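Below: one structure, written as structure tokens.
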Amino acid sequence: MRVFLFGFLMGCTNWPLHQQQDLWLETGVPVGTDPRLGVEVNWTDLGEETEPNDEVGSPMPIAVGEGWIITGTLQGSGWDPSAGPTISSNEDCGDPLWFPPTEGGNYTGDVDWLTSLPSTEGTLCAFVQVRNPNGTPINFDFLVYALNSCAEPSIPFTDPESDEPIGFSTYGSVAEWQVPATGNRAIALALAAYHVLEPVPAELPWSIAIALSPTGVCPYPPEFQ
């Protein structure tokens, strides 16, 4: 059983369709039209991740209207409930390092990171597809973290309804979420897989797309090949 740590920041696990008239005005699409179609993004394919990629890297600036697509592979997966999360406290860093956001347990396989630095306020939108060569759904986490002043994962964004860390304990092959972005504050994504009922292959290919939207509405993600 995986018990999550209480969170501090808020987000939303599902990209919303139109719910209020002000969203229609923000996106500039007619009433009755899906507002996500009105969010324009210039997608850039960044290619394959650079290994090793098992810790938070240097944040890459992203501007409103920009989107990235990056691919990679998880080398191994697993979860050890007897292990503890990585915790450290340094007064110079502000909030303590705490990863993963649990009271107990830690990953035994690969954890891949992608860190962005929004250039202005907006909504950071993210989508992931994890492909199991066996064709069956898998268990994975697609977490989103605020970093402390030492660029360490410290505070997970949480769902406002469940208060669980966004992207924690996902089952299937795809996930998407959105979180508020503050200009010039880095946001880190962490992807890891584990198995509950049966083992999964040693290598799990993945694709991630992120974009910075000027409103509370996210675009549709690009189709992954």
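Six or more apart or on different chains, Cβ atoms under 6 Å: show the pairs whose first residue is in the range 202-225 and touching a residue at least 12 places away in the same chain (Cβ under 8 Å) and whose second is in a loop (DSSP other than H, G, I, E, B) and aliphatic (A, V, I, L, M).
Going by the 6 Å Cβ cut-off, the qualifying pairs are ALA211/VAL41; LEU212/VAL64; SER213/VAL39; PRO214/VAL64; VAL217/VAL39; PRO219/VAL39; PRO219/VAL41.
Just checking, does the range 182-198 include any residue being part of a strand (DSSP E or B), aromatic (Phe, Trp, Tyr) and farther than 16 Å from GLY78 by Cα? Break it down into steps so the answer makes sense when it comes.
Kept after step one, since they are part of a strand (DSSP E or B), are these residues of the range 182-198: 187-194.
Filter once more, so that each one left must be aromatic (Phe, Trp, Tyr): 194.
Keeping just the survivors that are farther than 16 Å from GLY78 by Cα gives none.
No, every residue in the range 182-198 fails to be part of a strand (DSSP E or B), aromatic (Phe, Trp, Tyr) and farther than 16 Å from GLY78 by Cα.
Out of all the residues in the range 29-86, which are surrounded by 16 or more Cβ atoms within 10 Å (Cβ to Cβ), acidic (Asp, Glu) and under 25 Å from PRO180 (Cβ atoms)?
The one that is surrounded by 16 or more Cβ atoms within 10 Å (Cβ to Cβ), acidic (Asp, Glu) and under 25 Å from PRO180 (Cβ atoms): GLU66.
For the condition crowded, with 18+ Cβ neighbours inside 10 Å, modelled with pLDDT of 90 or more and touching an Asp or Glu at 6+ places or on another chain (Cβ under 6 Å), what is the one hit in PHE140, PHE168, PHE157? Even if it seems obvious, please write down each step before you answer.
On the way: PHE140 fails: touching an Asp or Glu at 6+ places or on another chain (Cβ under 6 Å); PHE157 fails: touching an Asp or Glu at 6+ places or on another chain (Cβ under 6 Å).
The conditions single out PHE168.
Is the range 8-21 home to any residue that is under 16 Å from ALA126 (Cβ atoms), surrounded by 17 or more Cβ atoms within 10 Å (Cβ to Cβ) and either of a type in the set (Val, Ile, Thr) or at pLDDT 90 or above (or both)?
Yes, that holds for at least one residue.
Filter the range 187-213 down to the residues that are surrounded by fewer than 19 Cβ atoms within 10 Å (Cβ to Cβ) and at pLDDT below 95 and list them by number.
Of everything in the range 187-213, those that are surrounded by fewer than 19 Cβ atoms within 10 Å (Cβ to Cβ) and at pLDDT below 95 turn out to be HIS195, VAL196, LEU197, GLU198, PRO199, PRO201, ALA202, GLU203.
Does SER154 satisfy the criteria of being more than 24 Å from ASP80 (Cβ to Cβ) and among the polar types (S, T, N, Q)?
Values: more than 24 Å from ASP80 (Cβ to Cβ): no; among the polar types (S, T, N, Q): yes.
No: the conditions fail for SER154.
Does GLY84 count as at positive phi and not aromatic (Phe, Trp, Tyr)? Steps first, please.
Working: at positive phi: no; not aromatic (Phe, Trp, Tyr): yes.
No, not satisfied.
Of the residues ALA126, ALA151, ALA175, which is modelled with pLDDT of 90 or more and either farther than 26 Å from SER213 by Cα or outside any strand (DSSP E or B) (or both)?
Details: ALA126 fails: either farther than 26 Å from SER213 by Cα or outside any strand (DSSP E or B) (or both); ALA175 fails: either farther than 26 Å from SER213 by Cα or outside any strand (DSSP E or B) (or both).
After ruling out the rest, the residue left standing is ALA151.
Given the condition within 15 Å of the chain's Cα centre (by Cα), small (Gly, Ala, Ser) and over 23 Å from GLU40 (Cβ atoms), answer yes or no: does some residue in the range 129-149 qualify?
Scanning the range 129-149 turns up at least one residue that is within 15 Å of the chain's Cα centre (by Cα), small (Gly, Ala, Ser) and over 23 Å from GLU40 (Cβ atoms).
The values are calculated or read from the model by the stated rules, or taken from the named source; none is laboratory data. What you are looking at is a predicted structure, and each value in this text was computed from that prediction instead of being measured. Ideal geometry is used to build each Cβ from the backbone, glycine not excepted, and the neighbour counts take in all protein chains shown.
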